[in-house]
1. Inspect the stretch 9-21 for any residue being of a type in the set (Asp, Glu) and crowded, with 16+ Cβ neighbours inside 10 Å and give the result as yes or no.
2. Is there a residue being in a helix (DSSP H, G or I) and not β-branched (Val, Ile, Thr) anywhere in the stretch 94-107?
3. Given (1) crowded, with 24+ Cβ neighbours inside 10 Å; (2) within 23 Å of Phe119 (Cβ to Cβ), identify the lone condition not met by Ala36.
4. Can you list residue pairs whose Cβ atoms sit under 6 Å apart, with the first residue in the stretch 89-113 being in contact (Cβ under 8 Å) with a residue 24 or more places away in the chain and the second being among the polar types (S, T, N, Q) and in a helix (DSSP H, G or I)? Count only pairs 6 or more apart in sequence or on different chains.
5. Do you know which residues across the stretch 70-111 are on the phi > 0 side of the Ramachandran plot and within 15 Å of the ligand (Cβ to nearest atom)?
6. Quick one: count up the residues across the stretch 41-51 that are over 17 Å from Glu131 (Cβ atoms) and either aliphatic (A, V, I, L, M) or within 16 Å of the ligand (Cβ to nearest atom) (or both).
7. What about Val261, is it within 14 Å of the ligand (Cβ to nearest atom) and under 27 Å from Thr25 (Cα atoms)?
8. If you scan the stretch 55-88, which residues turn out to be over 29 Å from Glu114 (Cα atoms) and outside any helix (DSSP H, G or I)?
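The values are calculated or read from the model by the stated rules, or taken from the named source; none is laboratory data. Treat the numbers as computed from the prediction; the structure is a model and nothing was measured. Virtual Cβ from ideal backbone geometry, glycine too; neighbours counted across all protein chains shown.
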Amino acid sequence: MIVTLQDMLKDAENKNYAVACINATTYEGLRGIIEAAEELNAPVILGHAQVHETVAPIDEFGPLIVQEAVKAKVPVVVHLDHGMDYEYAIKAVRAGFNSIMYDCSVLSLEKNIEEVRRFTKLAHKMGVAVEGEVGCMPSNIVGQGGCTEFGKEIINIKDYYTKPEEARRFVEETGVDMLTVSFGTVHGVFVDKPELDIQLLTDIHKETDAYLVMHGSSGVDQDQMLAAVDHGVRKINHYTSVGTAPASPLMEAVQRAEDPVYYHDLAKMSKDIIKEKSKEIIALLRSHMR
Ligand SMILES: [Zn+2]
C-alpha cells in the first residue's frame, strides 16, 4: 500500500529506525525489493533515479513502480532519487511518485534554496514530499548524482560536508521534508574505508527538524550505519550493493551451464539475489522490528 512519506518517517523517528530506499531499475529488481519488504513485514521506499532514465524510462517504468507499490502488503513510498531538473521532477509527480528528491546541490546555496523552495511549494499542494541536499556528496562513478567525480585523485571529502548552519537555513527557507546530508559517504564504491562524522550529523540534527537522509551507504559498515540511525538518519539510500550483487553468481551460473542458458532463468536468479540483498539491508536498519 502507498503511504505518505511523513507517516512513514514519523514512525521511524518515534521508534528510532531507518527506512531503506532502494532503487529499482528492472522489473526483477522491483519485485525483489518488494518481496524482501513483504517477507520482513517492513516499510520500504522504492526509488527511481534520473540517472537510470535510459535503462528504465520514467514514463514507462514509473507507473509500473506505482502499480506494484499499491499492491504491496507493506507500507511503500515511491520516490524520485536525484531528480536533477524541474521538468523531470514534475514528470515523476505525474507518474504518481509521492516523494521527490530535487537535487540542486550543484548550485550555490542561494540558488539551491530558490529552486527547491519553488518546487516544494508546488509539490506540497499535491501532497508530495520533497528531499533537498545541502553540501555535496562526491561520486566516484562517472554519471552518478553529485557535484563532482571522485576519481582516482583523492580529494578532501571533508570539503564537501554539510554545514549545520546552512542545513538549518535551507530547511527553514525551502520547507523540505527531508534533507540529504554529507558527512562521510560517497556515491558508488568506496576508494577508502568510509569514516562517518557522527558528531557533525548530531550537530546538523540539532539544527533542523527535517528527516535526515544518508546516500552512498553501500560500503559503510554495520556499526557506523547504526550509529547514523541512532543520531537521526531516517532514510538510507542503497543501490550500488544491490545493483552489483547479481553479477558474480550469474557469471558462475552461465559458466557452469551445459545446456543453453535462457535469460528468463537469469532474470529469476537476479530477482532472488536482489531480494536477499534487500532483506539484509532492511534487517540492518531495524525497520522490520517496528
Ligand atoms: Zn544519492
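1. Looking through the stretch 9-21, at least one residue is of a type in the set (Asp, Glu) and crowded, with 16+ Cβ neighbours inside 10 Å.
2. Step one: of the stretch 94-107, the residues in a helix (DSSP H, G or I) are 94-95.
With not β-branched (Val, Ile, Thr) added as a condition, the list becomes 94-95.
Yes, the stretch 94-107 contains at least one residue that is in a helix (DSSP H, G or I) and not β-branched (Val, Ile, Thr).
3. (2)
4. Cys104/Asn112; Ile113/Thr174
5. Of the residues in the stretch 70-111, the ones on the phi > 0 side of the Ramachandran plot are 82, 96.
Across the stretch 70-111, the qualifying residue is only His82.
6. To start, the set of residues in the stretch 41-51 that are over 17 Å from Glu131 (Cβ atoms) comprises 41-42.
Keeping just the survivors that are either aliphatic (A, V, I, L, M) or within 16 Å of the ligand (Cβ to nearest atom) (or both) gives 42.
Matching residues across the stretch 41-51 total 1.
7. On the way: within 14 Å of the ligand (Cβ to nearest atom): no; under 27 Å from Thr25 (Cα atoms): yes.
So Val261 fails the test.
8. Of the residues in the stretch 55-88, the ones over 29 Å from Glu114 (Cα atoms) are 55-56, 60-61, 63-76.
Passing the criteria: Val55, Ala56, Ala72, Lys73, Val74, Pro75, Val76.
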